[in-house]
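Participant: Structure provided below as structure tokens; questions to follow.
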Amino acid sequence: MSIQERDKKHLWHPLTQHKLHPEAIAITKAKDCMLYDENGNEYIDAIASWYTCMYGHCNEFITNRVHQQMQQLDQVVFSGFTHEPAVKLSEELIKILPKNQNKLFFSDNGSTCVEIGIKMALQYHFNKGDKRNTLIAFEDGFHGDTFGAMSVSSLSVYNGPFEDFFLDVKRIPTPNGHNHHAVLEMLADIVKTNKVAGFVYEPLVQGAAAMKMHDATGLDLILQFCKEHDIITVADEVMTGFGKTGKHFASLHMNTKPDIMCLSKALTAGLLPMAITSCSQHIYDGFYSDDISKGLFHGHTYSANPLACSAALAGLELLQSSKIQDNIKCIIASHQEFGNHIKTHPKVKSTRQTGVVFALDLNVEMSRYGNLRDKLFSFFMKHGVFLRPLGNTIYIQAPYIIAKEQLEKVYQVIEDALEIV
Ligand SMILES: *Cc1c(COP(=O)(O)O)cnc(C)c1O
């Protein structure tokens, strides 16, 4: 029996209505930019498996490092113990994070690092005797699938059963270059009638909202407003971190730095699950006390797993290499060229790009998980490219090591797909 058939017996997949989508493609091997399935088909991974393996699949530089670490120290409790990979990772990561970031708190995935960011913001005020119970977030944000992260997200079509249990969140539109004044007025109104603890946001690019992009100047104004009102700013860089926007972090495009940052996905180069919530000394000091209850009583069994830390360290080294930095520049230029070429196509409504993230909107109405979306997905896969359209948006976020010919093929398949919509 094929893996695909055996899968159906016991497995329940994420984000899947199994009655409508019973088939999962069985991948048996991955290398560099390619995925290989059990039927001998191969696909260019043009979204880097949800923007994680940016240095390519099964990258030997990274797998060798993890293999070495595996023979030295596999796992140990991180409460009361520490180890070289975590310490080294803190030293290396702090060097490239925005200057105000000074402490790292480990967890396992994007949702949990946001959850921790939210808890830090709430408890920071609580510890000062200033209990605040409202959060601010952008419309159309996505921050993960645990309760706190779901609450600040607003792609809520599928959140119906849980909404009654959400945190108190007020929403503001993303800055579009024309609405700065209106957004600041909304913020002023919100703080008049609410005690706001924090602002949780995806800086510059909202990934799951189909790569919706916004304006850095406007975001800077919002961050300044937050600073003036002692509202803790929590930048969710789970998607935008590690080079996606052309800089190491999207937050480096703004003058006002976030108090807290959430990192995962490309953090471990797609090899192992791990996440980090980083914060400024100022936030950390809000928990530092003779009173034990003022500490952050949150922890995960696999916090700072040494293998995941060693994968992250190898990834950081690659990110800062001149080869990867040059590749990033080439991909940016190449996307610009493709954007200019495709934007006049009658089936294309608009194109947009921030760093290596490229997106185009089709000139048709379609639902996020509807028929046309399925048709496009099948077309891409049939032609050997893994792309995952979101609503009427097709986006590319390929590994940094993608070859020129592979990228050309991705563009061509997208252009060909426009004929079937
Ligand atoms: C993917 C993502 C998350 C959630 O991460 P998981 O590891 O899937 O829980 C949170 N925020 C952003 C911006 C993301 O892209």
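Just so you know, all these numbers are worked out from the coordinates, no wet-lab data involved. Computed from a predicted model, the values in this text were never measured in an experiment. All Cβ positions, glycine included, derive from the backbone under ideal geometry; neighbour counts span all protein chains shown.
Participant: Relative to the present Cα-Cα distance, how much length would full extension add between residue 145 and residue 63 at 0.36 nm per residue of separation? Could you put the intermediate results ahead of the total?
Facilitator: Working: separation 82, 0.36 × 82 = 29.52 nm, distance 2.90 nm.
So the chain would gain 26.6 nm between residue 145 and residue 63.
Participant: Multiply the residue gap between residue 340 and residue 176 by 0.36 nm, knock off their C-alpha separation, and tell me the result in nm, one decimal place. Write out the running numbers ahead of the final one.
Facilitator: Working: separation 164, 0.36 × 164 = 59.04 nm, distance 2.12 nm.
Taking 0.36 nm per residue and subtracting the Cα distance, the gain is 56.9 nm.
Participant: Can you sort 310, 154, 289 so the residue with the fewest Cβ neighbours within 10 Å comes first? Show your work: numbers first, answer last.
Facilitator: On the way: 310 28, 154 18, 289 11.
By the 10 Å Cβ count, ascending: 289, 154, 310.
Participant: When every alpha-carbon pair in the chain is counted, what percent end up more than 30 Å apart?
Facilitator: Numbers: 38691 of 88410 pairs.
Across the chain, Cα pairs with separations above 30 Å total 44 percent.
Participant: Could you run the Debye sum over the Cα atoms of the stretch 1-86, one equal point scatterer each and no solvent, and tell me log10 of I(q)/I(0) at q = 0.22 Å⁻¹, two decimals?
Facilitator: -1.07
Participant: Then there's this: Can you put 35, 15, 97 in order of Cβ neighbours within 10 angstrom, beginning with the fewest? Mind dumping the intermediate values first?
Facilitator: Working: 35 20, 15 8, 97 23.
Lowest count first: 15, 35, 97.
Participant: May I ask you to sort 374, 32 by Cβ crowding, counting other Cβ atoms within 10 Å and putting the fewest first?
Facilitator: Values: 374 14, 32 17.
Final ranking by Cβ density, sparse to dense: 374, 32.
Participant: Starting from a Cα-only point model with no solvent, please compute log10 I(q)/I(0) by Debye for the stretch 1-155 at q = 0.11, 0.16 1/Å.
Facilitator: -0.75, -1.30
Participant: Loop only per DSSP, at most 15 neighbouring Cβ atoms within 10 Å: give me the GluC sites (Glu not before Pro) in the stretch 1-100, ordered by residue number. Please list the in-between numbers first.
Facilitator: Numbers: sites: 5, 23, 38, 42, 60, 91, 92; in loops: 23, 38.
Loop-located and lightly packed - 23, 38.
Participant: While we're on this one: Estimate the FRET efficiency between residue 195 and residue 255 by the formula 1/(1 + (r/R0)^6), using the beta-carbon distance for r and 22 Å for R0, to the nearest 0.05. Kindly include the intermediate steps, with their values, before the conclusion.
Facilitator: Values: r = 27 Å, r/R0 = 1.22.
Working from the Cβ atoms, E equals 0.25.
Participant: Suppose we keep just the DSSP beta bridges with both residues in the stretch 233-371; what percent of those would be antiparallel, to 5? Provide the component values of the computation, followed by the final result.
Facilitator: Working: 10 of 13 bridges.
The answer is about 75 percent antiparallel.
Participant: Turning to a different aspect of this structure: Can you give the relative contact order of the chain as a percent, counting alpha carbon pairs under 8 Å and 6+ residues apart? Spell out each step's value before the answer.
Facilitator: Numbers: 769 pairs, mean separation 91.9, N = 421.
Averaging sequence separation for qualifying contacts and normalising by length gives 22 percent for the chain.
Participant: Hey, another quick one. Can you list the chymotrypsin sites (Phe, Trp or Tyr not before Pro) in the stretch 39-123 that are in a DSSP coil and have 11 or fewer other beta carbons within 10 angstrom? Before the final figure, lay out the partial values.
Facilitator: On the way: sites: 43, 50, 51, 55, 61, 78, 81, 105, 106; in loops: 55, 78, 81.
Those satisfying the criteria are 81.
Participant: Please state the relative contact order of the stretch 232-380 as a whole percent: Cα pairs under 8 Å, 6+ residues apart? Please report the intermediate quantities before stating the final value.
Facilitator: Details: 170 pairs, mean separation 28.6, N = 149.
Relative CO of the stretch 232-380 lands at 19 percent.
Participant: Expressed in whole Å with the largest first, what are the equivalent ellipsoid semi-axes of the stretch 259-368 derived from the C-alpha gyration tensor as the square root of 5 times each eigenvalue?
Facilitator: On the way: eigenvalues 314, 81, 40 Å².
The answer is 40, 20, 14 Å, longest axis first.
Participant: Next question, about the same structure. Rank 191, 385, 169 by mean-square fluctuation in a GNM of the chain with C-alpha springs under 10 angstrom and give only the top-ranked residue.
Facilitator: Between 191, 385, 169, it is 191 that shows the largest mean-square fluctuation.
Participant: Give me the distance in nm between label points sitting 7 Å out from Cα along the Cα-to-Cβ direction at residue 36 and residue 363, one decimal.
Facilitator: If labels sit at residue 36 and residue 363, their model points lie 4.2 nm apart.
Participant: If R0 is 60 Å, what FRET efficiency do you get for residue 6 and residue 292 from their C-beta distance, rounded to 0.05? If you can, show how the numbers build up before the last one.
Facilitator: Details: r = 50 Å, r/R0 = 0.84.
Approximately 0.75, to the nearest 0.05.
Participant: In deg cm²/dmol, rounded to 500, what helix-only [θ] at 222 nm does the chain give when every DSSP H run of at least 4 residues adds -39500 (n - 2.57) and the total is split over its residues?
Facilitator: On the way: 13 runs with 153 residues, N = 421.
Per the formula, -11000 deg cm²/dmol.
Participant: Multiply the residue separation of residue 73 and residue 321 by 0.36 nm, subtract the distance between their alpha-carbon atoms, and state the gained length in nm to one decimal.
Facilitator: Details: separation 248, 0.36 × 248 = 89.28 nm, distance 2.70 nm.
Taking 0.36 nm per residue and subtracting the Cα distance, the gain is 86.6 nm.
Participant: Further, regarding this structure: Give a quick list of trypsin sites (Lys or Arg not before Pro) in the stretch 357-418 that DSSP marks as loop, anything other than H, G, I, E or B, with at most 15 other Cβ atoms within 10 Å. Write down the numbers at each step before the final one.
Facilitator: On the way: sites: 368, 373, 375, 382, 404, 409; in loops: 368.
Those satisfying the criteria are 368.
Participant: While we're on this one: Filter 195/294; 9/265; 227/329; 192/265 down to the pairs with a C-alpha to C-alpha distance above 25 Å, please. Display every interim value, and only then the final one.
Facilitator: Details: 195/294 20 Å; 9/265 29 Å; 227/329 33 Å; 192/265 37 Å.
9/265; 227/329; 192/265, as the Cα separations exceed 25 Å there.
Participant: Something else about it: Given R₀ = 35 Å, FRET efficiency for residue 163-residue 415 by Cβ-Cβ distance, to 0.05? Kindly include the intermediate steps, with their values, before the conclusion.
Facilitator: Details: r = 40 Å, r/R0 = 1.16.
It comes out at approximately 0.30.
Participant: Apply the Karplus parameterisation 6.51 cos²θ - 1.76 cosθ + 1.60, with θ equal to phi minus 60°, to every residue of the stretch 169-179 and state each ³J(HN,Hα) to the nearest whole Hz, in sequence, with x for glycine and proline.
Facilitator: Once rounded to whole Hz, the list reads 10, 9, 10, 10, x, 6, x, 10, x, 10, 10.
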